[in-house]
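Undergrad: Here you go, one structure.
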Amino acid sequence: MPLSPESEPLSRRAFVRNTSMLAASTLAGGIAGRSTIADAAPPKTVPASYPHPLLTASDDYYDVSRGNPKPHSLVGEALVEARLTAESWRLEIVADPFTSELVKEPASLTKALTLDDGTALDLPALIELGKKHSVRFLKAIQCLNIAAPLGQGLWEGVPLREVLRLCGTMKNVRRIYYWGYHNNDPKQVFQSSLSYTEAMETPPGDLPPFLAYRLNGKPIPLKRGGPVRLIVPWAHGFKSIKWLQRIAVTNDFKANDTYANQNNDPESHLKTAAYIDDAPDKYDVGKPIFLSGLALAGLSGLKRVEHWLHRIEPGAKSVVQDDETYRAASWTPCELEALPTDWSSVFPAGVSSKDVLGFDPKTGQPMAWPLRYSMISWSTMLRDLPPGKYEFRARAVDLNDFAQPEPRPVQKTGKNAVEVHRFEVS
Ligand SMILES: Nc1nc2c(c(=O)[nH]1)N[C@H]1C(S)=C(S)[C@@H](COP(=O)(O)O)O[C@H]1N2
Ligand SMILES: [Mo]
């Protein structure tokens, strides 16, 4: 059963492709020359606007959805029957009867919310709960198995714990399992899970998992998992289940994630990483070369992005990561996208940055930059390169001074590599 669209060959950096060429061509002219290949200090010329807006338009995400038909292709009566319209959406919350030799007692809750007895949660009730308990925040969606971020949005909703509190007293609950709509076909199930602690408790300054019903100030489009999508701030995409319809509290202590069954680490966190935008592979000698990309601030934060420009001498053997040449490389800091001066022009009308998690509620300024689990652009300008062939590598350095992909090079905890762009100057 082909449940892994991301295992198919993918156009490289699908999400970032479209706009980078434009930025490169607008910026390449009109910049005064300097005389070194790669200065130790970051170049001072910052583009007027980066190729990636902080908020990705909801149709511009790279889509990763299972299902045949894909739930977001349903229309009319089929959509109502699937309970995927604002009016028909319902969420069931039940206790999983599971027991085993190790798990003697099943989970219980005093007030299940079910379709059968008409108590399932509807969208107006969820939005009402949001009037008291809403959270908003800026999150990059990144697939554990795809080598480019999919998009970034301002998500808004209600913490999972507030929704679970509607269910009375819980006993013997160790994990929360949850499912999206899957054409009522067990083979198409896409599911994920959190520990009870992750659902109920949030370290200071950290972000709770939540049931999102708005994206960039509007109802979540069907394509992005609306009407309601579970968003897990720290996790790769597979925890952020689209078309959320069912939650079961369980005493099973094992993760049931669909992704775990495909040899992925179900507890991985977003990684600090840098990505290079597509760029031309040929440049005219004498013209400055603008290169840019995205930097994601993962669990360990982002200190800087740095690049290494390597000139390929004729006949030299090619560089392999961690070989002698690589280890002797000298890395130069890139320019990071500056903190916006006016958040009201970034966020949708009606959303104040003071109400966004990670921002200071008094000043409306982010408490760190970039915000953890979000991404920003980086760039650099190379000047006066003599004719020849070059390799340009970029990597992220986290707040522990670990350079990508240290200390977790295991790919099944999140695809991660130091990307390279090859080009020729003539
Ligand atoms: N119901 C459901 N939710 C899902 C998926 C899915 O196939 N079905 N794919 C997941 C995976 S693996 C990823 S990477 C993200 C992708 O989110 P996007 O399509 O909004 O970019 O959605 C996640 N949520
Ligand atoms: Mo994914």
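Undergrad: Filter the range 232-256 down to the residues that are more than 10 Å from ligand 1 (Cβ to nearest atom) and either in a helix (DSSP H, G or I) or more than 18 Å from the chain's Cα centre (by Cα) (or both) and list them by number.
TA: Correct list: 246, 247, 248, 249, 250, 251, 252, 253, 254, 255, 256.
Undergrad: Can I ask one more? Which number in (1) on the phi < 0 side of the Ramachandran plot; (2) at pLDDT 95 or above marks the one condition that residue 243 misses?
TA: Among (1) on the phi < 0 side of the Ramachandran plot; (2) at pLDDT 95 or above, residue 243 violates only (1).
Undergrad: Residue under question is residue 281, and the condition is that it be of a type in the set (D, E, K, R) and within 21 Å of the chain's Cα centre (by Cα); does it hold?
TA: Numbers: of a type in the set (D, E, K, R): yes; within 21 Å of the chain's Cα centre (by Cα): no.
Considered against the rule, which asks whether it is of a type in the set (D, E, K, R) and within 21 Å of the chain's Cα centre (by Cα), residue 281 comes out as no.
Undergrad: If you take the residues of the range 136-178 that are over 30 Å from residue 394 (Cα atoms) and touching a Pro at 6+ places or on another chain (Cβ under 6 Å), which of them is farthest from ligand 2 (Cβ to nearest atom)? Full working, then the answer.
TA: Residues of the range 136-178 over 30 Å from residue 394 (Cα atoms): 136, 156-178.
With touching a Pro at 6+ places or on another chain (Cβ under 6 Å) added as a condition, the list becomes 159-160.
On the way: 159: 23, 160: 20 Å.
Among residues in the range 136-178 that are over 30 Å from residue 394 (Cα atoms) and touching a Pro at 6+ places or on another chain (Cβ under 6 Å), the one farthest from ligand 2 (Cβ to nearest atom) is 159.
Undergrad: Give me the residue from the range 400-424 that is in a loop (DSSP other than H, G, I, E, B) and buried (at least 18 other Cβ atoms within 10 Å of the Cβ) and, out of that set, modelled with the lowest pLDDT.
TA: Ranking the candidates gives 408 first.
Undergrad: Going through the range 361-383 one residue at a time, which ones are of a type in the set (Lys, Arg) and without any contact (Cβ under 8 Å) to a residue 12 or more places away in the chain?
TA: So the first thing to find is which residues in the range 361-383 are of a type in the set (Lys, Arg), and the list is 362, 372, 383.
Once the filter is applied, which keeps residues that are of a type in the set (Lys, Arg) and without any contact (Cβ under 8 Å) to a residue 12 or more places away in the chain, the range 361-383 yields only 362.
Undergrad: Name the residues in the range 179-198 that are part of a loop (DSSP other than H, G, I, E, B) and within 16 Å of ligand 2 (Cβ to nearest atom), would you?
TA: First pass over the range 179-198, keeping only residues part of a loop (DSSP other than H, G, I, E, B): 181-185, 189-190.
Residues satisfying the conditions are 182, 189, 190.
Undergrad: Take the residues in the range 199-231 that are in contact with a Gly (Cβ under 9 Å, 6 or more places away or on another chain) and assigned to a loop (DSSP other than H, G, I, E, B); name whichever of them is surrounded by the most Cβ atoms within 10 Å (Cβ to Cβ). It would help to see each step written out before you state the result.
TA: Narrowing the range 199-231 to residues in contact with a Gly (Cβ under 9 Å, 6 or more places away or on another chain): 205, 207, 210-217, 219-220, 224-225, 228-231.
Those still in the list that are assigned to a loop (DSSP other than H, G, I, E, B) too: 205, 207, 216-217, 220, 225, 228.
Details: 205: 10, 207: 20, 216: 19, 217: 15, 220: 24, 225: 25, 228: 28.
Once the filter is applied, the top-ranked residue is 228.
Undergrad: Within the range 265-277, can you find the residues that are touching a residue at least 24 places away in the same chain (Cβ under 8 Å) and surrounded by fewer than 19 Cβ atoms within 10 Å (Cβ to Cβ)? Please lay out each step first, then the result.
TA: Just the residues of the range 265-277 that are touching a residue at least 24 places away in the same chain (Cβ under 8 Å), to begin with: 265-266, 268-277.
Selection gives 265 alone.
A quick yes/no check of all residues on (1) of a type outside the set (D, E, K, R); (2) touching a Ser or Thr at 6+ places or on another chain (Cβ under 8 Å); (3) closer than 16 Å to residue 135 by Cβ:
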position	(1), (2), (3)
343	yes, yes, no
349	yes, no, no
352	yes, yes, yes
357	yes, no, yes
362	no, no, no
368	yes, no, no
371	yes, no, yes
375	yes, no, no
379	yes, yes, no
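Undergrad: Return the pair list, or none, for Cβ contacts closer than 7 Å from residues in the range 61-74 that are outside any loop (DSSP other than H, G, I, E, B) to residues that are more than 16 Å from ligand 2 (Cβ to nearest atom) and of a type in the set (A, V, I, L, M), at least 6 apart or on different chains.
TA: Correct list of pairs: 71/82; 71/84; 72/222.
Undergrad: Might you check whether a residue that is crowded, with 23+ Cβ neighbours inside 10 Å, assigned to a strand (DSSP E or B) and on the phi < 0 side of the Ramachandran plot occurs anywhere in the range 159-174?
TA: The answer is no, given that none of the residues of the range 159-174 is crowded, with 23+ Cβ neighbours inside 10 Å, assigned to a strand (DSSP E or B) and on the phi < 0 side of the Ramachandran plot.
Undergrad: Of the conditions (1) touching a strand residue (DSSP E or B) at 6+ places or on another chain (Cβ under 9 Å); (2) at pLDDT below 95; (3) of a type in the set (A, V, I, L, M); (4) away from ligand 2 (no atom under 16 Å from the Cβ), residue 64 satisfies every one except a single condition; which number is it?
TA: Among (1) touching a strand residue (DSSP E or B) at 6+ places or on another chain (Cβ under 9 Å); (2) at pLDDT below 95; (3) of a type in the set (A, V, I, L, M); (4) away from ligand 2 (no atom under 16 Å from the Cβ), residue 64 violates only (4).
Undergrad: Kindly indicate the residue of the range 242-295 that is closer than 30 Å to residue 86 by Cβ and of a type in the set (Ser, Thr, Tyr) and also nearest to ligand 2 (Cβ to nearest atom) among those meeting that condition.
TA: By that ranking, first place goes to 259.
Undergrad: Restricting attention to the range 365-379, report how many residues are outside any strand (DSSP E or B) and either assigned by TED's automatic domain parsing to the domain that holds residue 140 or surrounded by 16 or more Cβ atoms within 10 Å (Cβ to Cβ) (or both). Give the steps one after another, and end with the answer.
TA: Initially, the range 365-379 is screened for residues outside any strand (DSSP E or B), giving 365, 367-374.
Narrowing the set further to residues that are either assigned by TED's automatic domain parsing to the domain that holds residue 140 or surrounded by 16 or more Cβ atoms within 10 Å (Cβ to Cβ) (or both) leaves 369-374.
Number of matching residues: 6.
The values are calculated or read from the model by the stated rules, or taken from the named source; none is laboratory data. Quantities reported herein were computed from a predicted structural model and do not represent experimental measurements. Glycine gets a Cβ as well: all are built from the backbone with ideal geometry, and neighbour counts include every protein chain shown.
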